[in-house]
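Everything below concerns the one structure shown next.
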Amino acid sequence: MALQYESHNQESPFGLYGPLNEKLNFFRNKLDTWVENQKELADKVAAEQKAAIAKKQAEVDHNVTSLLALTIDENLHVDGKENVHDVQGRVETEQQRVDTLQKQLDGKKQELEELRKEYNEFKERAVEVRRQKQETEMSKETTIDDLTRGIINYKYLGLDFERVPNDKLRFCFTQLDPSNPSRKFWFEMDVTELDCSIPNCEPPIRSETREQLVQAFNKNEDMQEFVLGMRRAFLEVLAGQVHTPPTTKQNLSILS
């Protein structure tokens with residue numbers, strides 16, 4: 001059965017929301033409850049065993065006293081020894097029970113240690129996820145800044161861009177079709193997730209080509225090579241050629 005976590009919609013100590021925060025809260029609450037239950041159980045077991053040992057010791061003392069008082073009678077003396085042996089046997093049985101309970105308690109302590117270890121692992125993962133998120137946000141800001149500077153240089157070569165709904169960027173090429181220089185070739189770039197994607201493209205390019213260009217950009221974040229690759233793809237669609245992504249970076253003069 002899947003675990004159910006109670007959602008509080010609050011930020012964790014690590015600045016996270018959602019399922020990971022809920023799971024951390026669940027394990028923290030589970031750990032606290034388990035510790036309290038085990039403490040109560042240990043206290044109860046200790047009290048019971050202390051009382052049992054004291055009772056048996058009192059019985060032993062009583063029987064020894066009775067035995068000494070009756071040593072003049074041989075038959076009673078023998079019976080006294082037998083009674084002492086019986087009591088000692090019961091004490092040994094109780095001691096074995098105490099040992100068994102102690103082993104169980106040691107096992108519970110081991111489970112507690114494993115839960116603490118698991119909690120610490122989740123905490124470390126939360127810190128790492130937060131660090132990666134911060135790095136991603138910084139990388140996005142840098143990418144957009146670099147893109148803005150680069151686009152200024154590309155405009156005079158027939159490249160323009162604009163922001164469209166849902167935080168997407170639309171890149172539009174002209175000057176590609178000699179018979180119709182004003183014809184637009186465009187694609188939309190979505191950078192709202194950890195990896196960018198190309199949800200729309202007109203005219204369509206081969207899906208394999210688009211996937212290769214997107215994967216290359218997500219790996220090296222080279223905006224110049226990505227834009228050049230899309231331009232080459234449009235040119236080859238225009239010419240009816242099969243596009244094969246280049247293996248080396250081309251000079252910016254390819255746009256001329």
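The values are calculated or read from the model by the stated rules, or taken from the named source; none is laboratory data. Being a predicted model, the structure only gives us computed values, none of them experimental. So basically every Cβ, Gly included, is an ideal-geometry build from the backbone, and we count neighbours across all protein chains shown.
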*Test S197 against the criterion of being out of contact with any helix residue (DSSP H, G or I) (no Cβ under 9 Å at 6 or more places or on another chain) and free of Cβ contacts under 8 Å to residues at least 24 places away in the same chain, and give yes or no.*
no
*Among all residue pairs at least 6 apart or on different chains, which show Cβ distances below 8 Å where the first residue, located in segment 113-132, is within 16 Å of P19 (Cβ to Cβ) and the second is among the hydroxyl-bearing types (S, T, Y)?*
A126/S12
*What is the residue count in segment 157-169 for residues that are assigned to a strand (DSSP E or B) and loosely packed, with under 15 Cβ neighbours inside 10 Å?*
4
_Give me the residue from segment 186-207 that is part of a strand (DSSP E or B) and out of contact with any Cys (no Cβ under 7 Å at 6 or more places or on another chain) and, out of that set, farthest from F217 (Cα to Cα)._
E202
*Taking only segment 213-231 into account, find how many residues are in a helix (DSSP H, G or I), modelled with pLDDT under 90 and within 18 Å of L159 (Cα to Cα).*
2
*Just give me the residues in segment 73-101 being farther than 13 Å from I53 by Cβ and either loosely packed, with under 13 Cβ neighbours inside 10 Å or at pLDDT 90 or above (or both), in sequence order.*
D73, E74, N75, V78, K81, E82, H85, D86, G89, T100
